[in-house]
Amino acid sequence: QVQLVESGGGLVQPGGSLRLSCAASGGIFRLYAMGWYRQAPGKQRELVAAITSGHSTNYADSVKGRFTISRDNAKNTVYLQMNSLKPEDTAVYYCKAALGYLEVWGQGTLVTVSS
């Protein structure tokens with residue numbers, strides 16, 4: 001079963017950028033649909049961006065034009081490039097791998113957008 005480890009979170013000022021990475025191991029990464037989700041304090045977890053095994057992507061309306069999801073199957077890694085960050089982007093960001101009925105989550109990485 002695939003295992004996921006996120007990295008790249010941290011503190012950034014409004015308008016700044018961060019790139020999150022999610023490294024996968026233990027599975028055939030290229031077969032998995034991958035997604036980034038986030039959960040802000042007191043709120044439900046929500047989809048931020050997703051990418052299929054065929055590299056099709058979709059985004060939450062709130063991040064369209066600012067965030068970009070990509071994957072490198074040679075490195076077993078999915079990325080989330082986040083630009084023009086806003087305070088409302090503050091959350092724990094989670095990576096998810098999905099294949100059929102199987103879903104695997106990473107442990108999350110905290111992104112804080114604040115001046």
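The values are calculated or read from the model by the stated rules, or taken from the named source; none is laboratory data. Keep in mind the model is a prediction, meaning the values are calculated, not measured. Neighbour counts run over all protein chains shown; Cβ positions are idealised from the backbone, glycine included. Protein only, heavy atoms only, side chains kept; ligands, DNA and RNA dropped before computing areas. Shrake-Rupley method; radii C 1.70, N 1.55, O 1.52, S 1.80 Å.
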List pairs: first in the range 8-22 and among the charged types (D, E, K, R), second at pLDDT 95 or above and open to solvent by 50 Å² or more (accessible area, probe 1.4 Å), Cβ under 7 Å, 6+ apart or cross-chain?
-> Arg19/Gln81
Options Ile69, Ile28, Ile51: the member that is open to solvent by 60 Å² or more (accessible area, probe 1.4 Å) and not polar (S, T, N, Q) = Ile28
Mind listing just one residue for me: the one in the range 80-112 that is crowded, with 18+ Cβ neighbours inside 10 Å and touching a Lys or Arg at 6+ places or on another chain (Cβ under 6 Å) and, of those, nearest to His55 (Cα to Cα)?
-> Tyr93
Would you mention how many residues in the range 31-41 are open to solvent by 60 Å² or more (accessible area, probe 1.4 Å) and at pLDDT 95 or above?
-> 1
